[in-house]
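S.K.: Pasting a structure here, questions to come.
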Amino acid sequence: MKTTTVLAAVIAALVGGVVGALVFSQLAPVAPAPVPTPVAAEADSYDDSAVRSETRRNSDAIANLQGDLLRLQVRLKDADDERAILVNENRKLKEAAASTEPEGVTAKPDGSTVEPASPELEAKVERALANALEKAAEKERAEKEAATRKQTAGWMGEAGETITKKLDARLALTQYQRDRITEIMADTTDRIADLMVAGQGKSEDGREQWDTIWRETSEAIRNEMGSAQQTTYDELVGERGVVSIAWGGK
């Protein structure tokens, strides 16, 4: 307690009564009024634009990395496929070389022989390798031709079905006429497939052959129609012939 407060209390006690209380109230120090604690200003709202921008950049970077990874996976698969082809070709060559070894000559793991190869043996090996390569090339050609013919049969089969359906809708074909159109289109498919296998589908000469095949096909189908049907047939197919209705036309 401060000295002034103590002295005021003593004097008030000695004087007593109302006078003492008055003396104490005049001498005792007045406690300062409490100072209100300032309230902190409300913090400004948080600006997260920088975080959003960084998030977008990270997302773009991840997407780019995923794209790079996909491209690398495709390249890796292509490399694996190429390696498998090379391994297979190497095996074929080793088998061909092994089949030409003379009796009594042992082959080393690296494909060489214990004894130096004679000119006759080298010639035999070269012929064997040439035959193996020729057979491999012939097999590849045969597989490619088969694939081309299968593909051609697919879209030509659709053409034949479309032609028959449209002619039947306009001409009320008999079962015999439908069967004949199927036979004619089968022959046309074989001729078109020969053209595709020969690689002449897009050449000028190939285009002329294409037009000739379809013109003859159109005439063959027309010959299966009765005289009354032929008039409607001509109107339906027009100058281009039956090819004009083969794939959705008219």
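S.K.: How much space per residue, in cubic angstrom, does the convex hull of the C-alpha atoms of region 145-245 take up?
M.R.: Working: hull volume 8.4 nm³, N = 101.
Spread over its residues, the Cα hull of region 145-245 gives 83 Å³ apiece.
S.K.: Using a 10 Å cut-off around each Cβ, can you sort R240, R83 from fewest to most neighbouring Cβ atoms?
M.R.: Placing the least packed residue first, the sequence is R83, R240.
S.K.: Rounded, prolate or oblate: which fits region 180-230, taking a ≥ b ≥ c as square roots of the Cα gyration tensor eigenvalues, rounded meaning a/c under 1.5, else prolate when a/b beats b/c?
M.R.: oblate
S.K.: For the pairs K124/K150; K92/K150; K94/K144, note any where the Cα-Cα span goes beyond 31 Å.
M.R.: Numbers: K124/K150 39 Å; K92/K150 29 Å; K94/K144 26 Å.
Check vs 31 Å cut-off fails for K124/K150.
S.K.: List the residues of region 119-158 whose backbone N lies under 17 Å from a point placed 7 Å from the Cα of W247 along the Cα-to-Cβ direction.
M.R.: Of the residues in region 119-158, 148-158 have backbone N under 17 Å from the label point off W247.
S.K.: Would you kindly state how much longer the chain becomes between E95 and E239 on full extension, computed as 0.36 nm times their sequence separation minus their alpha carbon distance, in nm to one decimal?
M.R.: That works out to 45.9 nm of additional length.
S.K.: What is the dipole size for region 145-245, taken about its Cα centre, with +1 at each Lys and Arg Cβ and -1 at each Asp and Glu Cβ, in debye to the nearest 20? Write out the running numbers ahead of the final one.
M.R.: Numbers: 13 positive and 19 negative charges, 64 e Å.
Once rounded to the nearest 20, the dipole reads 300 debye.
S.K.: Tell me the label-point distance for the pair A169, A50, using the 7 Å Cα-to-Cβ offset, in nm and rounded to one decimal.
M.R.: 6.9 nm
Only the coordinates and a few stated rules stand behind these numbers; no lab work does. Bear in mind the structure is a predicted one, so any value in this text is a computation, not a measurement. No Cβ is skipped: glycine too gets one built from the backbone with ideal geometry, and neighbour counts run over all protein chains shown.
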